[in-house]
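Engineer: The structure under discussion is supplied below as structure tokens; questions concerning it will follow.
The values are calculated or read from the model by the stated rules, or taken from the named source; none is laboratory data. Since the structure is predicted, the reported quantities are computational estimates derived from the model, not experimental observations. No Cβ is skipped: glycine too gets one built from the backbone with ideal geometry, and neighbour counts run over all protein chains shown.
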């Protein structure tokens, strides 16, 4: 989710939020993304369609080793770090409690604890 674009969208729809995490977990945001996925799914074979998705509670960041400094995704690292979320997509769950270490450019950090919604995309 791009905070700039979603921030403008939320402002236009009078949707208030305080943080990226807060905005990413709003039901209205999930429904917007689900509708986009539904439209894309129509052009895909059934076996390739997105059935469930999750909105991450933070942007992927090089400071957290999820991306390189040139903004390339470190797939293996991301798959390992978010394994519990990936597994939850294949289970019959509607949300998942997550805990993650967040680091800032200055080397300081904190532990983020939040609930992440898991949304099913219906045809």
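Engineer: How many residues, within the range 91-111, are outside any loop (DSSP other than H, G, I, E, B) and out of contact with any helix residue (DSSP H, G or I) (no Cβ under 6 Å at 6 or more places or on another chain)? Before you say what the answer is, go through the steps one by one.
Structural biologist: Narrowing the range 91-111 to residues outside any loop (DSSP other than H, G, I, E, B): 95-103, 109-111.
If we keep only those that are out of contact with any helix residue (DSSP H, G or I) (no Cβ under 6 Å at 6 or more places or on another chain) as well, we get 95, 97-102, 109-111.
The qualifying residues number 10.
Engineer: Please go through the range 46-66 and give me each residue that is modelled with pLDDT of 95 or more and more than 24 Å from residue 93 (Cα to Cα), ordered by number.
Structural biologist: none
One line per residue, one yes/no per condition, for (1) surrounded by 14 or more Cβ atoms within 10 Å (Cβ to Cβ); (2) part of a loop (DSSP other than H, G, I, E, B); (3) touching a strand residue (DSSP E or B) at 6+ places or on another chain (Cβ under 7 Å); (4) at pLDDT 90 or above:
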residue: 4; (1), (2), (3), (4): no, no, no, no
residue: 16; (1), (2), (3), (4): no, yes, no, yes
residue: 32; (1), (2), (3), (4): yes, no, no, yes
residue: 35; (1), (2), (3), (4): no, no, no, yes
residue: 44; (1), (2), (3), (4): no, yes, no, yes
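Engineer: Go through (1) modelled with pLDDT of 90 or more; (2) touching a helix residue (DSSP H, G or I) at 6+ places or on another chain (Cβ under 9 Å); (3) farther than 15 Å from residue 121 by Cα one by one and return the number of the condition residue 22 breaks.
Structural biologist: Single failed check for residue 22: (2).
Engineer: Would you mind telling me which numbered condition in (1) in a loop (DSSP other than H, G, I, E, B); (2) loosely packed, with under 11 Cβ neighbours inside 10 Å residue 50 fails?
Structural biologist: Result: residue 50 fails condition (2) only.
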